[in-house]
1. Among the helices (runs of 4 or more DSSP H) confined wholly to segment 373-442, which include 1 or more residues that are open to solvent by less than 10 Å² (accessible area, probe 1.4 Å) and more than 24 Å from Gly169 (Cα to Cα)?
2. Among the numbered conditions (1) more than 17 Å from Leu51 (Cβ to Cβ); (2) open to solvent by 10 Å² or more (accessible area, probe 1.4 Å), tell me where Ile119 comes up short.
3. Going through segment 108-157 one residue at a time, which ones are more than 14 Å from the chain's Cα centre (by Cα) and of a type in the set (Lys, Arg)?
4. Report yes if Gly351 is open to solvent by 10 Å² or more (accessible area, probe 1.4 Å) and within 13 Å of the chain's Cα centre (by Cα), otherwise no.
5. In this structure, is Ser423 hydroxyl-bearing (Ser, Thr, Tyr) and closer than 19 Å to Leu181 by Cβ?
6. What do you reckon, is Asp404 over 15 Å from the mean Cα position of the chain (by Cα) and within 23 Å of Ile188 (Cβ to Cβ)?
7. Just give me the residues in segment 275-330 being at pLDDT 90 or above, under 29 Å from Gly373 (Cβ atoms) and open to solvent by less than 30 Å² (accessible area, probe 1.4 Å), in sequence order.
Amino acid sequence: MKGEPDFLHNLRSEMGDGRQWLDRVVVIAYAVLAGLAVVGFTLLADAAFGLYQSLRGAAWWTPLLWTPLLTAAVVWAIRRWAPGAAGSGVPQLLTALAPETPVGERSRFISLKLSIAKILAVSGGLLAGLSIGRQGPSVQVAAGVMLHARRWLSPRSDISDRELMVAGGAAGIAAAFNTPLGGIVFAIEELSRRLQERSSGLMLAAIVVAGLVAVSAFGNLSYFGRVRAESVSWWNLLAPGTLVALGCGLLGGLLSRLMLASFTGLPDRFCAYRRKRPVTFSALCGFAVAVIAVVSDGAAVGVGHQHTHTLLDQAAAGAAAQTHQPLLFTGLKFIASWLSAWAGVPGGIFGPSLSIGAGLGADVAWLLDSPHGAALIALGMCGFLAAVTQTPITAMIIVMEMTDGHSMVLSLMACALVASLLSRMISRPLYSTMSALMMRRW
């Protein structure tokens, strides 16, 4: 029939163009490098926070000196040498992807230099003991590595800069969380509302390769194990799950609004002082976070994965959360995460959001004396991440993959949708709003 594909002709066209295959090899090689960059970033960040924990263990008052000094040093260095590495990393990628951004301006937001600066700055923030994450920054790191492939592609290559950056951002999420589906959904829901057919193929290739690198380094395991919720009916989770979703929506929307207010600046004395003396202001924020670290015995700072993992393990075993301070931890982690972002140190909100949501789920289980603590913790992780980022599908997929909670998919989806909807009534979308503000500042 006329118009049907000619298999032999297409095969000859596909196999005969050597330069096209060389371009594909270059892209795959850079996908490997992107995965290695995220793996190296993960190891360096974990080692930095481990060193902070050792310093804190030496004397309880150490953070009161160490945290403000190092926080100020990181902010000073970033403002002096790499201002484009500030923030979480996702708004920078959205700004670089925006059609309004001139090609010559993209290097202000995404580049190999900024990827290196981001790795060092976020690791410095964790060494300081701040409440920041590394998953959002991994998006900017991997996108910068992938975009560097452009200089080795042929001039007539049909692989665009936009496709390289989307593929890099998706691979960054996939490798950072060890969640390939999460990377795909994040690219569709947040980075690119309309993916072309070849864009999706490039993105999938980058995710697979970067994901294989991460799996080779850390193993093909869920971050937090398996949430055993097979025996939990939706009816048993309805009341406590609704309470978790509402709490996540309110607190997540509030955190998003506070972070936007901190980013834009308000006509108050604190923001005025920050504009006048940003380094000194960051030191004061660091001191406040250090006080929180002392009060919480270090639980409310850092990314928060260890505390979340412990909560899930204890809840799955049916034991009381011995290391969790009900209500207190959630509030302290919330404040520490906001102050860390306000200080101006590069860092993400994905990891802290999961930790705050887990704490909120544990608080609801404690208040209601619910036997389904593990399920409520997973719902809290999903709901809070969805509320802060306002990307409910991404949040649901990431938490489902990280906890191996496939049996909870409908509950996770419902919690993410409710929390995201409530958050939208309180705050504008975090990442897209920050990106729009960045473009206005040119």
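1. Values: elements: 373-389, 392-403, 409-424, 430-440.
Of the helices (runs of 4 or more DSSP H) lying wholly inside segment 373-442, those with at least 1 residues that are open to solvent by less than 10 Å² (accessible area, probe 1.4 Å) and more than 24 Å from Gly169 (Cα to Cα) span 373-389, 409-424.
2. For Ile119, the exception is condition (1).
3. Matches in segment 108-157: Arg108, Lys113, Arg150, Arg151, Arg156.
4. Numbers: open to solvent by 10 Å² or more (accessible area, probe 1.4 Å): no; within 13 Å of the chain's Cα centre (by Cα): yes.
Taking the combined requirement at face value, the residue does not satisfy it.
5. Working: hydroxyl-bearing (Ser, Thr, Tyr): yes; closer than 19 Å to Leu181 by Cβ: no.
Here the answer is no, as Ser423 does not meet what is asked.
6. Working: over 15 Å from the mean Cα position of the chain (by Cα): yes; within 23 Å of Ile188 (Cβ to Cβ): yes.
Judged against the criteria, Asp404 is a match.
7. Within segment 275-330, Val289, Ile292, Ala293, Ser296, Gly298, Ala299, Ala300, Val301, Gly302, Val303, Phe329, Thr330 meet the criteria.
To keep it simple, each residue is scored yes or no on (1) surrounded by fewer than 24 Cβ atoms within 10 Å (Cβ to Cβ); (2) closer than 28 Å to Ala299 by Cα; (3) touching a residue at least 12 places away in the same chain (Cβ under 8 Å); (4) touching a His at 6+ places or on another chain (Cβ under 9 Å).
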residue	(1), (2), (3), (4)
Gly87	no, yes, yes, no
Val90	no, yes, yes, no
Pro102	yes, no, no, no
Ile110	no, no, yes, no
Leu126	no, yes, yes, no
Ile132	no, yes, yes, no
Gly136	no, yes, yes, no
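The values are calculated or read from the model by the stated rules, or taken from the named source; none is laboratory data. Because the structure is predicted, anything quoted here is derived from the model rather than measured. Ideal geometry is used to build each Cβ from the backbone, glycine not excepted, and the neighbour counts take in all protein chains shown. Please note that ligands, DNA and RNA were not included when accessible areas were found on the heavy atoms of the full protein model with its side chains. Shrake-Rupley method; radii C 1.70, N 1.55, O 1.52, S 1.80 Å.
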